[in-house]
Amino acid sequence: MVDDYYVSSDDEEYYDDEDDRQNFELLEYGENYDSLRPEVPTSKVISKESLLAAQKDDVQRAMDVLSLKEYHARTLLIHYRWDVDNVLAVLVEKGKDRLYAEAGVTLVEQDDHVSSQLSSEVMCGICMDEIPADRATVMDCGHCFCNGCWTEHFIVKINDGQSRRIKCMAYKCNAICDEAVIRNLVSARDPNLAEKFERFLLESYIEDNRMVKWCPSVPHCGNAIRIEEDELCEVECACGLQFCFNCLAEAHSPCSCQMWKLWCQKCQDESETVNYIAVNTKPCPKCGKLVEKNGGCNLVSCLCGQPFCWLCGAPTGLNHTWDAIADHSCGRFKEDEETKLEQAKRDLFRYTHYFNRYQAHINSLKLEATLKQSIQEKILHLEERESTYRDMSWATNALYRLFRSRQIISYSYPFAYYMFSEYICKNEMTAEERTIKQNLFEDQQQQLEANMERLSLFIEEPFDEYSPDEIMELKMGILDLSTLTDNLCAKLYDCIEDDLLGSLKRTRHSIAPYKSNGVEKASELTVSRDTTTSNSEIDLAASNAD
């Protein structure tokens with residue numbers, strides 16, 4: 001029962017009068033975060049079916065605001081990385097002429113009157129051939145070349161991967177060619193290449209858009225995620241994958257992207273194996289194989305038969321006494337070798353400390369994933385026994401709170417490994433300042449960890465066997481612990497953002513903001529305008545992301 005936990009001597013330090021007062025302050029502290037918790041997801045899932053529609057929706061918005069043709073609007077958005085708000089800001093700041101010139105958009109109407117001014121034959125400025133006027137094309141910029149030269153130009157650019165912004169062939173002309181002209185001329189020569197051109201235009205909405213990225217799931221789910229706010233955030237795709245939008249790695253806050261990348265590399269490479277070898281083995285002076293000492297005597301023998309001194313690594317004879325080796329006088333360690341060895345030992349011990357705790361919480365998270373099924377079974381059993389217990393959301397909400405806090409505490413160890421190491425602290429703070437900040441961080445980390453473990457114990461209670469009064473008591477205890485754990489997570493993030501990362505001057509690290517409701521699950525994108533999506537275009541774009 002719940003009361004059994006409150007009498008444990010190990011837990012009393014978290015539930016004495018002083019801590020009750022502090023916990024009450026933390027409950028009040030959490031009220032300030034309620035306004036920061038979004039009720040409606042701001043990130044959107046762009047599926048294969050809605051990708052082209054989402055692109056056309058933004059293109060249509062630019063067309064409506066600036067009164068442009070479709071390909072002019074697309075050219076403008078590609079140049080400004082599909083940021084319509086940035087386009088409008090540049091329009092206000094620099095004016096329409098500068099806006100169009102920088103993007104390569106030329107608004108010169110080529111109507112029938114201009115076309116009629118062309119003679120029956122024109123000379124192509126590239127191949128210098130006289131050709132009929134109907135076999136030449138005039139771009140908006142006014143430059144006219146034969147269709148053959150235009151086609152060859154387009155084919156080269158598409159094969160080079162430059163099809164999103166193909167410029168006019170004329171010397172020093174920055175005008176972007178009409179997509180319809182490119183599509184018609186290339187499809188007449190090579191329909192497959194025309195499809196490739198369409199695919200590049202479609203992919204531009206993701207490849208050139210800093211607010212849209214493919215979901216990094218493997219195998220690829222075919223979805224992309226569009227965010228509306230800061231790039232430094234964590235999202236959950238419709239496929240269930242949670243990832244960091246900034247670096248596309250798994251969701252890793254409160255660890256910064258740079259720290260997480262270093263941590264993954266350190267865990268995957270052999271750096272710590274090398275440290276272990278340096279600390280615990282010595283190379284044989286004859287064959288060079290590594291030898292591990294398995295006894296107390298400093299005279300060791302390699303498998304090749306060569307004896308040598310463990311202290312200095314020099315070859316010796318087999319005869320020795322308890323205090324000396326025959327015909328061998330072992331000198332002292334060189335100071336630099338001793339320093340390197342001690343440093344290797346310290347580095348290995350420090351890494352092992354943080355890795356073991358990180359891995360322990362990751363393993364606990366995997367084991368606690370089975371609690372979801374257990375909770376559902378208990379609720380079902382309780383409802384079968386007592387029909388009055390309809391609202392059991394407090395149990396499932398506490399479980400999600402446990403999962404979220406377990407993730408945070410696990411990633412806080414890689415953060416601490418780098419935050420309080422020479423990697424960051426060497427030129428940022430004195431040894432005394434580092435000790436103070438580390439103690440502050442570890443106090444909050446341990447407080448969160450302790451209350452999180454208590455929450456885990458409460459959730460595992462067999463409440464389906466309890467009486468109504470016992471269930472109510474358990475419910476109140478879980479609700480209090482859930483709120484307390486939430487507030488402790490928020491305070492830990494504040495400590496990291498303000499007191500630790502915020503004080504750095506020479507290096508810059510940022511983390512995704514804390515969200516009480518966990519990693520935001522992106523909602524399906526609702527496109528406001530009717531669009532017709534080509535299945536071949538969708539499949540081509542999605543397959544290219546795999």
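For ILE126, the requirement of being closer than 17 Å to ASN184 by Cβ and aliphatic (A, V, I, L, M) is not met.
Taking region 157-170 as the range and being open to solvent by 20 Å² or more (accessible area, probe 1.4 Å), touching a residue at least 12 places away in the same chain (Cβ under 8 Å) and in a helix (DSSP H, G or I) as the test, the residues that pass are ASN159, ARG164, ARG165. The combined condition, being out of contact with any Pro (no Cβ under 8 Å at 6 or more places or on another chain), of a type in the set (Ser, Thr, Tyr) and not in a loop (DSSP other than H, G, I, E, B), is not fulfilled by SER516.
In region 125-156, the residue that is most open to solvent (accessible area, probe 1.4 Å) out of those that are assigned to a loop (DSSP other than H, G, I, E, B) and touching a helix residue (DSSP H, G or I) at 6+ places or on another chain (Cβ under 6 Å) is ILE126. Taking LYS515, is it in contact with a strand residue (DSSP E or B) (Cβ under 9 Å, 6 or more places away or on another chain) and of a type in the set (Lys, Arg)? Considered against the rule, which asks whether it is in contact with a strand residue (DSSP E or B) (Cβ under 9 Å, 6 or more places away or on another chain) and of a type in the set (Lys, Arg), LYS515 comes out as yes. Report yes if LEU371 is closer than 21 Å to ASN451 by Cβ and in the same structural domain as LYS475 (by the TED database), otherwise no. Spelling it out, LEU371 is indeed closer than 21 Å to ASN451 by Cβ and in the same structural domain as LYS475 (by the TED database). Note on region 358-375: among residues that are among the aliphatic types (A, V, I, L, M) and in a helix (DSSP H, G or I), the one that is least open to solvent (accessible area, probe 1.4 Å) is ILE375. Filtered by the rule that a residue be farther than 20 Å from ALA344 by Cβ, assigned to a strand (DSSP E or B) and touching a residue at least 24 places away in the same chain (Cβ under 8 Å), region 277-315 gives LEU299, PHE308, PRO315. Here the condition is being at pLDDT 50 or above, outside the structural domain of GLU203 (by the TED database) and not in a loop (DSSP other than H, G, I, E, B); of ARG81, ARG74, ARG21, it holds for ARG74 alone.
Count, please, the residues in region 171-197 that happen to be without any contact (Cβ under 8 Å) to a residue 60 or more places away in the chain, open to solvent by 10 Å² or more (accessible area, probe 1.4 Å), in a loop (DSSP other than H, G, I, E, B) and touching a strand residue (DSSP E or B) at 6+ places or on another chain (Cβ under 8 Å). Number satisfying all stated conditions: 1. From the list SER543, SER523, SER510, the lone residue that is over 19 Å from ILE409 (Cα atoms), within 25 Å of the chain's Cα centre (by Cα), open to solvent by 10 Å² or more (accessible area, probe 1.4 Å) and modelled with pLDDT of 85 or more is SER523. Selection of region 236-268 for residues being among the polar types (S, T, N, Q), closer than 18 Å to ILE362 by Cβ and part of a helix (DSSP H, G or I) yields GLN265, GLN268.
Matching residues to (1) more than 35 Å from the chain's Cα centre (by Cα); (2) modelled with pLDDT of 90 or more:
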| position | (1), (2) |
| --- | --- |
| GLY161 | no, no |
| ILE166 | no, yes |
| LYS172 | yes, no |
| VAL181 | yes, yes |
| ASP190 | yes, yes |
| ASP208 | no, no |
| CYS215 | no, yes |
| HIS220 | no, no |
| GLU229 | no, no |
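Only residues that are hydroxyl-bearing (Ser, Thr, Tyr), more than 30 Å from GLN265 (Cα to Cα) and free of Cβ contacts under 8 Å to residues at least 60 places away in the same chain were counted in region 389-425, giving 2. Considering (1) touching a helix residue (DSSP H, G or I) at 6+ places or on another chain (Cβ under 7 Å); (2) surrounded by 18 or more Cβ atoms within 10 Å (Cβ to Cβ), the lone condition that CYS237 does not fulfil carries the number (1). Looking at ASN487, ASN451, just one residue is surrounded by 18 or more Cβ atoms within 10 Å (Cβ to Cβ) and under 30 Å from GLU383 (Cβ atoms), and that residue is ASN451.
The values are calculated or read from the model by the stated rules, or taken from the named source; none is laboratory data. Computed from a prediction, not measured in an experiment: that's the story for all the values here. Note that each Cβ is placed from the backbone with ideal geometry, even for glycine, and that neighbours are counted across all protein chains shown. To get the accessible areas, we keep the full protein, side chains included, count just its heavy atoms, and leave off ligands, DNA and RNA. Shrake-Rupley method; radii C 1.70, N 1.55, O 1.52, S 1.80 Å.
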